[in-house]
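Notes to accompany the following structure.
The values are calculated or read from the model by the stated rules, or taken from the named source; none is laboratory data. Remember, it's a predicted structure, so these values are computed and weren't measured experimentally. Every residue, glycine among them, receives a Cβ derived from its backbone with ideal geometry; neighbour counts consider all protein chains shown.
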Amino acid sequence: MSNMLEVADLGHTYGDYEAIGGLTFTVRAGELVCVVGPSGCGKSTLLRTISGLITPSRGDVSLKGSHLAVVFQDYQRSLFPWLTVQGNVEFPLRSLPRAERRARAAEALEWVGLGKAAKKRPWQLSGGMQQRVAIARALAYRPALLLMDEPFASVDAQTRFELEDLLLRVRREHDTTVLVVTHDIDESVYLGDRILVLSNSPARLVADLDVPLPAERDQVTTRTDEAFVALRSKVARLLNVGKPSIDVEKWAAAERESLSETVPS
Amino acid sequence: MNKFLQRWSVFAGLIIVWQVLGVAADDPFFPPPSEIVEAAWEWWVLEPENVTEHVLPSIGRLLSGWAIASVIGIALGLLLGRSDRAMEYAGPLLVFLRSIPPPALVPVFLLLFKAGTSMQLATIVFGVIWPVLLNTVDGARSVDVTKVDTSAVFRIPRHQWVLGVVLPAASPKIFAGLRVSLSLSLVLMVISELVGTDNGIGSQLMTAQREFDYTRMWAGIVLLGVLGYGLNTALLAVERRALAWQPRSRDEQHA
Amino acid sequence: MRAFTRGLIGIAGFLALWELLGRSPLLPADALPPPSLVFGELVTQLTSSEFISHVVATVLAVLIAIGIAIAIAVPSGLVLGSVPAVRHATRAVIEFLRPIPSVALIPLALVMLGFGPETKITLAVYAALWPILFNTIYALDELDPLLVETSRVFGTGRVGVLFRVALPSALPFVLTGIRLAATTALIVMVSVELMAGSEIGLGYFIMEARSGPGRMDQVLVGTVVAGAIGVLLNNGLERIRRRWVAW
């Protein structure tokens, strides 16, 4: 299997503040990799360097293929209110002939189940549907890599489950390579083929874990699967190593508590 | 309908009071509305050349001056608004130029362009460009970070970035500026006609005053009021269409 | 500080361009005296008591006009903004009066008020009313209903609410309106002085310089000083707004 993304000794500092401290990892074609780390550990910086929005202070990012797409957390700001849903999906495709643009947008909207909403304005849709529009836009662009920045952090729990399953289905059907950045341990285990665990800032790679779960996942059965629970606690424990700050301590303690409630030991 | 009645009944009431008082007082400075309407009828309907030679050219100058100022203002505003550096260079200069009362430059424009249409256009353009320019700068600056990032990630071409993202994002502010400058255009149109021309609504107004024809003077003032009201209403209608994409109220917008 | 330097460079660039244009043979002679000449004339004029009295007359008239406009527009705005019935009833009248340009009223004001300062002050008041009035109404629209309800619960009457809740929270908007009104008042003041109806003031100075000896350098001195007064008024009022509205 070929590598879609290769990151070598990537580091970034803002003035005196070191956000990322040397990261090396790869993402293989067709893989869904989750990057998980404590809040404020430099995940956003990582995403911005990979997507080319900022130039890293050191290290290399090489992408096989010419372009990538990003789904941002803030769908309200990321979608353009003056364009229709269709217009938003066509937004990155302006260089294509009109007919092809239309077809691609219609197809992508079909994939995310929004075929009927094409003529609406984004703000007329619910939050979950808006984020689907953003996903459709990214897919219509046919990216070599789909980057997602806390994509489901701004929707309610129910919608979140729906969107997670939607992402799993879409990427399986279209063989998309995906890198999801999240602070949610459960989400990273549920979605990922692999999990990259980052330390508190400066972000360093703590572990690169394979997810030993079948490709078909289910919100109820997968989440109670023993392998799921075991990996979830492992990631939680890992997140407490490195340089624990008080915040991380507290957060890990809460995480352990919730674990002891669900897992009878 | 009720609100409509409420609104216009007071308006009509005031006109009636004016009519009664005007007839009773019989003051040459304050003719009753009926006489004003009569004067307007004689002036513009019975002598249509007054419309074609004075009213229409005035409106033409007003609109073309406003259009030129808008095009320059929006283009320059988009340019300056997306570059903090450029704004640092130009900011203080703009603040100063904006504060200059445009009629003060009429003598300069008179010498540069000679009396006539181009001098009048120059006055209008210089006077009304600032609200458009500064509002466009403001609007162009307000493009949020996520939209900037989204556009960068998808590597859209430059023209799509300017026309497809910055311009629409700035358009609510731009329209606010366009409205201010449209009503300013009316003011400057009159000012530019008071000096150094013998055609236009402004010069007719001056003539009426010089000839002590106060009824016609009032008719001219009313005409300018109607013109201002009409232009503003028309622009509002355009704005409502152009900005129809805006979420109309918070209730309509899902969280 | 670097932004300040850049601003200076911008102004210097503008002056250099003006100098070049003023000296170029492309323009009719004396139409646009270069800044080097205008600056010399500016120094001369600033030491002349006659010029200073023109400036003082204009500034004073502007300040009086703003004061009167505030005294009329703020109370009217409070009434219109808090009593919807009055607002609907007067809407058509206001919508019709507002677009009448103040300069269109010059002939009328001249015959009624003569050539004294009353004319220019009246016209400037007329122009300055609208921004203050509309900003006051707008501020009351934006008033947080929760604030009103809270004070109602504590037994504050309608008038009490107006003065203790509505007015303070409307203040920032009102001050913005006053700032806009000041710029407008200055422009109208100079215009009226320039065109008619005055025997003293910056506008009169400009008109005299043009029609008499055709001294374009003096015209530009008047223009530059008028612009400078505008900047000072605008920045001063902005500073007051920032200081008062600390919340």
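Quick notes on this structure:
- Any hit, the stretch A:228-242, residues being at pLDDT below 85 and exposed (fewer than 11 other Cβ atoms within 10 Å of the Cβ): no
- Filtering the stretch B:159-191 to residues that are within 14 Å of chain C (Cβ to nearest Cβ), surrounded by fewer than 24 Cβ atoms within 10 Å (Cβ to Cβ) and among the β-branched types (Val, Ile, Thr) leaves only B:Val180.
- Restricting C:Leu8, C:Leu20 to residues that are exposed (fewer than 15 other Cβ atoms within 10 Å of the Cβ) and away from chain B (no Cβ under 14 Å) narrows the list to C:Leu20.
- Take the conditions (1) surrounded by fewer than 17 Cβ atoms within 10 Å (Cβ to Cβ); (2) of a type in the set (D, E, K, R); (3) within 14 Å of chain B (Cβ to nearest Cβ); C:Arg210 misses just one of them, which is (1).
- The lone criterion from (1) touching a strand residue (DSSP E or B) at 6+ places or on another chain (Cβ under 9 Å); (2) more than 11 Å from chain B (Cβ to nearest Cβ); (3) within 24 Å of B:Ala169 (Cβ to Cβ) left unmet by A:Gln86 is number (1).
- Filter result (more than 15 Å from C:Met195 (Cβ to Cβ) and either at the interface with another protein chain (Cβ under 7 Å from one of its Cβ atoms) or more than 19 Å from the chain's Cα centre (by Cα) (or both)) within the stretch B:98-114: B:Ser99, B:Ile100, B:Val108, B:Leu111, B:Leu112, B:Phe113, B:Lys114
- A:Ala108 satisfies every condition listed in (1) more than 10 Å from every other protein chain (Cβ to nearest Cβ); (2) over 29 Å from A:Val27 (Cα atoms); (3) surrounded by 16 or more Cβ atoms within 10 Å (Cβ to Cβ) except (2).
- Exclusive hit being of a type in the set (A, V, I, L, M, F, W, C), touching a helix residue (DSSP H, G or I) at 6+ places or on another chain (Cβ under 6 Å), within 11 Å of another protein chain (Cβ to nearest Cβ) and in a helix (DSSP H, G or I), set C:Ala170, C:Ala185: C:Ala185
- Matching option when the condition is polar (S, T, N, Q) and either closer than 30 Å to A:Ala138 by Cα or modelled with pLDDT of 90 or more (or both), among B:Ser183, B:Ser192, B:Ser171: B:Ser171
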